């Protein structure tokens, strides 16, 4: 197994929650709110023991640094290792030396694809939360979306919903935690591949329903006849949908900087007219762009948002159509 004892687990988890030293157990025990279930008093981290570990006594999330990224970002084992610069032969390496077979992992090997009960429960959840979004109780969530340029028609067509309270359910064989927040279904035809929830507060901001697949949001719109705009967040996809010529462009989201890294998607993107990498304007966004450029060197360009992301550009009053037009200039120059 890969070694994780040189990774600063405390620093990694503190990106998502505040931790304070609570005891001297196993070289130091740190406590804070759980990044997964939100419980305030049962999450513990032991960063200094031989194999640094974390454990939530409430939702039972536990493991090492690899497990943490797998659970937080819905990553495969190899993707989590890559994010941590861990080679699976127990050595550390750069992000450019990814195991050759990592893209060949079967992303359908998860309950969203394999368990009918998961799909049945997901369908009921989406139907209910979609109705709630358009009721009085969903007014704050609707206003949040409207302020970010997502129209009522877009909310309806994207099947967005609102979950008004935290709840735990059994979806087939899986215990699923569904926090309060805006519900974003990743739906292809009649199948829900992933269900993401944008929480109104707390960290992490996004939680996906356990059993979800790690695909690309709206990947069914990828076409060899179109230019593809690739972003991180679903809201950026829905916002940009109002500014693009859908006969020329389509927009997909990775959901995280390491999302959707599978051979099937890389092959389909390779066959398109161009891939415009509009990941967030930060270090993680740059690394994600570099990864896709290394896989698709012949038809990718990096188009950085002028603010952190496309939604922030919209909120700052930037003209998204003019910004997107820059990609045409880059294409002609190349």
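Determine if the stretch 56-65 includes at least one residue that is in contact (Cβ under 8 Å) with a residue 40 or more places away in the chain and either over 17 Å from residue 176 (Cα atoms) or touching a helix residue (DSSP H, G or I) at 6+ places or on another chain (Cβ under 7 Å) (or both).
Taking every residue of the stretch 56-65 in turn, at least one turns out to be in contact (Cβ under 8 Å) with a residue 40 or more places away in the chain and either over 17 Å from residue 176 (Cα atoms) or touching a helix residue (DSSP H, G or I) at 6+ places or on another chain (Cβ under 7 Å) (or both).
Residues of the stretch 181-197 being in contact with a strand residue (DSSP E or B) (Cβ under 8 Å, 6 or more places away or on another chain) and surrounded by fewer than 20 Cβ atoms within 10 Å (Cβ to Cβ), which ones?
187
In the stretch 33-65, how many residues are assigned to a loop (DSSP other than H, G, I, E, B) and on the phi < 0 side of the Ramachandran plot?
Here is the first cut: in the stretch 33-65, the residues assigned to a loop (DSSP other than H, G, I, E, B) are 33-42, 47-52, 57-61, 64.
With on the phi < 0 side of the Ramachandran plot added as a condition, the list becomes 33-37, 39-42, 47-52, 57-59, 61, 64.
Going through the stretch 33-65 one residue at a time, the tally reaches 20.
For the stretch 12-25, which residues satisfy the criterion of being surrounded by fewer than 19 Cβ atoms within 10 Å (Cβ to Cβ), in contact with a strand residue (DSSP E or B) (Cβ under 9 Å, 6 or more places away or on another chain) and at pLDDT 85 or above?
20, 21, 22, 23
Condition first: under 19 Å from residue 213 (Cα atoms), out of contact with any helix residue (DSSP H, G or I) (no Cβ under 6 Å at 6 or more places or on another chain), crowded, with 17+ Cβ neighbours inside 10 Å and in contact (Cβ under 8 Å) with a residue 12 or more places away in the chain. Can you find one or more residues in the stretch 290-302 that meet it?
no
Among the listed residues 214, 196, which satisfies the condition of being part of a loop (DSSP other than H, G, I, E, B), in contact (Cβ under 8 Å) with a residue 40 or more places away in the chain, within 14 Å of the chain's Cα centre (by Cα) and not assigned by TED's automatic domain parsing to the domain that holds residue 296?
One residue alone meets the criteria, 214.
Give the number of residues within the stretch 214-227 that are surrounded by 24 or more Cβ atoms within 10 Å (Cβ to Cβ) and farther than 19 Å from residue 156 by Cα.
The number of residues fulfilling the criteria is 3.
Looking only at the stretch 147-162, decide whether some residue is surrounded by fewer than 21 Cβ atoms within 10 Å (Cβ to Cβ) and under 16 Å from the mean Cα position of the chain (by Cα).
No; the residues of the stretch 147-162 include none that is surrounded by fewer than 21 Cβ atoms within 10 Å (Cβ to Cβ) and under 16 Å from the mean Cα position of the chain (by Cα).
Kindly establish whether residue 165 is on the phi < 0 side of the Ramachandran plot and touching a strand residue (DSSP E or B) at 6+ places or on another chain (Cβ under 8 Å).
So residue 165 fails the test.
Are any of the residues in the stretch 220-241 farther than 25 Å from residue 322 by Cα and touching a residue at least 24 places away in the same chain (Cβ under 8 Å)? Write out each step before concluding.
To start, the set of residues in the stretch 220-241 that are farther than 25 Å from residue 322 by Cα comprises 220.
With touching a residue at least 24 places away in the same chain (Cβ under 8 Å) added as a condition, the list becomes 220.
Yes, the stretch 220-241 has at least one match.
Just one of 235, 279 is crowded, with 20+ Cβ neighbours inside 10 Å and assigned to a helix (DSSP H, G or I); which is it? Explain how you work it out, then say what you get.
Working: 279 fails: assigned to a helix (DSSP H, G or I).
The match here is 235.
Does residue 136 meet the test of being loosely packed, with under 15 Cβ neighbours inside 10 Å and modelled with pLDDT of 80 or more?
Yes, satisfied.
Could you go through the stretch 260-275 and let me know if any residue there is without any contact (Cβ under 8 Å) to a residue 40 or more places away in the chain, assigned to a loop (DSSP other than H, G, I, E, B), surrounded by fewer than 23 Cβ atoms within 10 Å (Cβ to Cβ) and assigned by TED's automatic domain parsing to the domain that holds residue 326.
Checked the stretch 260-275: no residue is without any contact (Cβ under 8 Å) to a residue 40 or more places away in the chain, assigned to a loop (DSSP other than H, G, I, E, B), surrounded by fewer than 23 Cβ atoms within 10 Å (Cβ to Cβ) and assigned by TED's automatic domain parsing to the domain that holds residue 326.
The values are calculated or read from the model by the stated rules, or taken from the named source; none is laboratory data. The model shown is predicted, which means the values in this text are computed figures rather than measured ones. Cβ: placed from backbone, ideal geometry, glycine included. Neighbour counts: every protein chain shown.
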